[in-house]
Amino acid sequence: YGTVAYWEPPSSRASQHALMGHTTSILAATVATDEDVMLTSASDGRVAIWSLAGRGPAARSLPAVGEMTSVAVAADGSMVTGTVDGKLQRRDADGTLIGEAVTVGEGRIADVVVTPDGSTVGAVLWGGSARVYRGKELRPVSPELKIGIFSSRASLSEDGRWFAVSQADAGCDP
């Protein structure tokens, strides 16, 4: 259960659908590069893959490690997911786990991002740190960056060279 609103710009009317593929709240959604597929992750520990064109039930659902808080997809359909207990995991386009889950830190992963070629991954922890990883084994290539405690969203340049993270300033509500 959970609701995701989505639409095709320039239309200003969102299609809001209760997605019946999770047993708990949906925490993240992303549209795949082929633009007809959406992935959602939820605290039930699963990633669901939806057809936007069919607007029907999930085409398939993938089990995951821990409660899922974020998901990102590369151009080849492979994905990276983040969990409430600070783990990153890679899956190929079929949903098969690639390697072991990597612990990023303590606490919830607020966001994960991946370059189109899947070679570089950025992860942001809600508690105020971020790091960049490379390769299928998700090896860290940057020091842990200490940032604001209310860090929430991230972005990577297509070539993986630049990593940006948003955060609330001290005294602001998250």
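Some notes on this structure:
- Restricting attention to region 95-138, the residues that are surrounded by fewer than 18 Cβ atoms within 10 Å (Cβ to Cβ) and under 22 Å from residue 26 (Cβ atoms) total 3.
- Subset tally (residues that are of a type in the set (A, V, I, L, M, F, W, C), on the phi < 0 side of the Ramachandran plot and assigned to a loop (DSSP other than H, G, I, E, B)) for region 109-160: 5
- Test result for residue 57, open to solvent by 50 Å² or more (accessible area, probe 1.4 Å) and either under 15 Å from the mean Cα position of the chain (by Cα) or at pLDDT 80 or above (or both): no
- Within region 70-82, the set of residues being open to solvent by less than 30 Å² (accessible area, probe 1.4 Å) and either modelled with pLDDT under 85 or in contact with a Pro (Cβ under 9 Å, 6 or more places away or on another chain) (or both) comprises 74, 77.
The values are calculated or read from the model by the stated rules, or taken from the named source; none is laboratory data. As the structure is a prediction and not an experimental result, all values here were calculated from the model. Please note: Cβ atoms are built from the backbone with ideal geometry, for glycine as well, and neighbour counts cover all protein chains shown. These accessible areas exclude ligands, DNA and RNA; they are computed on the full protein's heavy atoms, side chains included. Shrake-Rupley method; radii C 1.70, N 1.55, O 1.52, S 1.80 Å.
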